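The structure under discussion appears below in the form of structure tokens.
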Amino acid sequence: MKVGILAVQGDFEAHGATLDRIGVEYVFVRTPNDMQGVDAVILPGGESTTQWKFLVEEGLDKTLLAHATRGGAIFGTCAGAILLAREVCNPTQPSLALADITVIRNGYGRQLASEVRHEATTLSPAPIEMVFIRAPIIERTGPAVEILATSGGKTSPHASRPNPNRDFPS
């Protein structure tokens, strides 16, 4: 398996280091050509409007949509979750609209409201660390979205995934 990591901003190098540790081949993605041979993609955190502008200017939005249509996996954390959302609020912005979720940008507040929580999930019997840094809230999930964790009654931007059997929009 080869994973592409959007390398515009955010901690894309940390995603690469994690993939290194588990022995997964990866490439940093900055152009559509960088997506050649990629089986899965990670959209990291950062500033979603900046990342969206970059995706459109470079044509990566169309490349990512084509990747999803072929059945390629896409994982988004924080800004990446915003880029995947079908609907983005506070304020509205364009997105790839691949995940049937509604996201509220900066839903957990400003940078000063950042915090770390330890809460239960379906991923582990022990509570896991959840980091909230100007994080979005996933306000709504569609019926095909599997929720893996919640915090304070809200779904974490790192805690849901589309059902792999769901069709992607054309």
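Determine how large the accessible area of residue 18 is when every protein chain is in place; take a 1.4 Å probe and give Å² rounded to the nearest 10.
Here the accessible area works out near 60 Å².
I'd like the accessible area for residue 133: 1.4 Å probe, protein heavy atoms, all chains in place, Å² to the nearest 10.
Estimated to the nearest 10 Å², residue 133 gives 80 Å².
Towards the positive end of the charge dipole of region 26-148, with charges on Cβ (+1 Lys, Arg; -1 Asp, Glu), say which of 49, 136, 120 has the farthest Cα.
49
When the accessible area of region 14-166 is computed with all protein chains present and a 1.4 Å probe, what percentage of it is carbon and sulfur?
Carbon with sulfur: 55 percent of the solvent-accessible area.
About its Cα centre, what dipole magnitude does region 16-136 give when the only charges are +1 on Lys and Arg Cβ and -1 on Asp and Glu Cβ, stated in debye to the nearest 20?
240
For a quick size check, give me the Cα extents of the chain along its three principal axes, largest first, whole Å.
41, 36, 34
Could you report region 2-143's accessible area per residue, 1.4 Å probe, as an integer in Å²?
With the other protein chains kept in place, region 2-143 gives 50 Å² per residue.
Taking all protein chains together and a probe of 1.4 Å, list 26, 108 from the most accessible to the least accessible.
Solvent-accessible surface, decreasing: 26, 108.
Just want the answer: with Cβ charges of +1 for Lys and Arg and -1 for Asp and Glu, which residue in 17, 151, 90 is farthest toward the dipole's positive end in the chain?
It is 90.
The values are calculated or read from the model by the stated rules, or taken from the named source; none is laboratory data. These figures come from a predicted structure and were not determined experimentally. Positions of Cβ are backbone-derived with ideal geometry, glycine not excepted, and every protein chain shown enters the neighbour counts. Heads up: the accessible areas ignore ligands, DNA and RNA and are worked out on the full protein's heavy atoms, side chains in. Shrake-Rupley method; radii C 1.70, N 1.55, O 1.52, S 1.80 Å.
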